[in-house]
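Peer 1: Please find one structure pasted underneath; my questions will follow.
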Amino acid sequence: MTDCIFCKLAAGELPTNKVYEDDEVFAFHDIHPVAPVHFLIIPKRHVDSLAHTDDSHQALLGRMLLLAPRLAAQLGLEQGFRTIINTGHGGGQTFFHLHLHVIGGAPLSPNIVELSTH
């Protein structure tokens, strides 16, 4: 998708504070963090949202979820972290490219609504 900002970030067309990259996924720090550590993990291949996945995305989704604790540990989140996937307008999604938020580094409210930003 030529107008997708996350596709442009993953392709290196826009500057970002990269956390991780491989052939399938890209991770970068959120530009509007809600905690001391707040990064996103996205697939490089465009997928609108979690609602747009099917069995063919199983390995990709597993890769993203397994990467989250590894990167969280590298960024000092040994005490824990929160993961969020906003899905669709009703789920608070504002950037329509599947992305997994990883948030931590400070006490987090049990009310996730306070943290959900995209």
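Just so it is clear, none of the values below were taken in a lab; they were calculated from the coordinates. Remember, predicted model here, so these are calculated numbers, not experimental data. Here the Cβ is made from the backbone with ideal geometry for all residues, glycine too, and neighbour counts use every protein chain on show.
Peer 1: Nearest 500 deg cm²/dmol is fine: what mean residue ellipticity at 222 nm does the chain get from its DSSP H runs of n ≥ 4 alone, each adding -39,500 (n - 2.57), divided by its residue count?
Peer 2: -6000 deg cm²/dmol, from helical runs alone.
Peer 1: Rank the residues Val102, Val19 as a footprinting-exposure proxy: fewest other Cβ atoms within 10 Å of their Cβ go first.
Peer 2: With the fewest neighbours first, Val102, Val19 line up as Val19, Val102.
Peer 1: While we're on this one: Give me the angle, in degrees from 0 to 90, between the Cα long axis of helix 58-74 and the longest principal axis of the Cα atoms of the chain, rounded to the nearest 10.
Peer 2: Compared with the principal axis, the helix lies near 40 degrees.
Peer 1: Same structure, new question: Among Asp22, Asp54, rank each residue by its count of other Cβ atoms within 10 Å, from fewest to most, as a rough exposure measure.
Peer 2: Lowest to highest Cβ neighbour count: Asp54, Asp22.
Peer 1: Can you tell me the order of 36-42, 4-10, 85-91 when each peptide is scored by its average per-residue count of other Cβ atoms within 10 angstrom, highest first?
Peer 2: Highest-to-lowest ranking by the protection proxy: 36-42, 4-10, 85-91.
Peer 1: What list of ³J(HN,Hα) couplings, whole Hz, do you get for the stretch 3-8 from phi and the Karplus terms 6.51, -1.76, 1.60, once you set θ to phi - 60° and write x for glycine and proline?
Peer 2: With coefficients 6.51, -1.76 and 1.60, one gets 9, 7, 5, 5, 4, 5 Hz.
Peer 1: Now a separate question. How compact is the chain by the rule of thumb for globular proteins, expressed as Cα Rg over 2.2 N^0.38 Å?
Peer 2: So the Cα radius of gyration is 1.00 times the expected 2.2 N^0.38 Å.
Peer 1: OK, next. Dipole size in debye (nearest 20) for the chain around its Cα centre, Lys and Arg Cβ +1, Asp and Glu Cβ -1?
Peer 2: Here the size comes out at about 180 debye.
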